[in-house]
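Reading through the structure tokens given below for one structure.
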Amino acid sequence: MSTPRIGILMGSDSDFDACKGAIGMLEDFGIPWEMTVLSAHRSPVEVHDYSAKAEERGLEIIICAAGMAAALAGTVAAVTTLPVIGVPLPGSHLSGIDALYATVQMPTGVPVATMAIGPAGAKNAAIFAAQILALKDPAIRERVVGYKQALGASVGDKNARVQARIAELRKGDG
Ligand code: RP5
């Protein structure tokens, strides 16, 4: 197995379903990854240890997904100089707004690249990580370009479906 280049951290196993889309994206881009449950509040010593050793283990980017008072991304970013991508997760009474604010409102000097709340954010975190690696990795760049092209083509399909539905409506009116 290749050395992971991306580390995905989640605050809890209950975050897995929201995060699993990131795994699929990284697999599609051919980027080796690892996923670990660590909690800024419940296992702070382990979070520090992971963050301090991440670079020497070969990780290049760390994705941190957490819900509620989500301190995970900020805590990791406080320790490592690797880029940290934060994914706020829903699931609380505040539907992820709490995690969004906790993740995005970092003080000067400790940036966290914060994605959208939930599964879309988790997928985007993987794509964003791939785009960073693509700067220096032509094979990943090629796959990211292909992904973006397919995304553009999919809009044509969506439009065709809508046009077909409009045509159906018009038929019904006639
Ligand atoms: C956060 O608290 C986790 O990231 C999770 O989103 C939330 C709830 O965790 P569990 O109580 O389900 O373990 O730290």
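The values are calculated or read from the model by the stated rules, or taken from the named source; none is laboratory data. The model shown is predicted, which means the values in this text are computed figures rather than measured ones. Cβ atoms come from the backbone with ideal geometry, glycine included; neighbour counts cover every protein chain shown.
What residue, of Gly121, Gly91, Gly156, Gly152, is touching a strand residue (DSSP E or B) at 6+ places or on another chain (Cβ under 7 Å) and part of a helix (DSSP H, G or I)?
Only one candidate qualifies: Gly121.
Ala18 - would you say it is touching a residue at least 60 places away in the same chain (Cβ under 8 Å) and either in contact with a helix residue (DSSP H, G or I) (Cβ under 9 Å, 6 or more places away or on another chain) or in a strand (DSSP E or B) (or both)?
Taking the combined requirement at face value, the residue satisfies it.
Please tell me if Ala139 is part of a helix (DSSP H, G or I), within 16 Å of the ligand (Cβ to nearest atom) and touching a residue at least 24 places away in the same chain (Cβ under 8 Å).
no
Matching residues to (1) in a strand (DSSP E or B); (2) closer than 24 Å to Ile132 by Cα; (3) within 16 Å of the ligand (Cβ to nearest atom); (4) not hydrophobic (A, V, I, L, M, F, W, C):
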residue	(1), (2), (3), (4)
Glu27	no, yes, no, yes
Ile31	no, yes, no, no
Glu46	no, no, yes, yes
Glu56	no, yes, no, yes
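Test of understanding: among Ser39, Ser2, which residue is surrounded by fewer than 23 Cβ atoms within 10 Å (Cβ to Cβ), small (Gly, Ala, Ser), within 12 Å of the ligand (Cβ to nearest atom) and free of Cβ contacts under 8 Å to residues at least 60 places away in the same chain?
Ser39
With respect to the numbered conditions (1) closer than 20 Å to Ala40 by Cβ; (2) surrounded by fewer than 17 Cβ atoms within 10 Å (Cβ to Cβ); (3) at pLDDT 95 or above; (4) within 16 Å of the ligand (Cβ to nearest atom), which one is the sole condition not fulfilled by Ala116?
Going through (1) closer than 20 Å to Ala40 by Cβ; (2) surrounded by fewer than 17 Cβ atoms within 10 Å (Cβ to Cβ); (3) at pLDDT 95 or above; (4) within 16 Å of the ligand (Cβ to nearest atom) one by one, Ala116 breaks only (1).
For the range 66-84, how many residues meet the condition of being more than 14 Å from Ile117 (Cβ to Cβ) and either within 15 Å of the ligand (Cβ to nearest atom) or not in a helix (DSSP H, G or I) (or both)?
The number of residues fulfilling the criteria is 11.
Only one residue in Arg143, Arg161 is surrounded by fewer than 18 Cβ atoms within 10 Å (Cβ to Cβ), at negative phi and touching a Phe, Trp or Tyr at 6+ places or on another chain (Cβ under 6 Å), so which one is that?
Arg143
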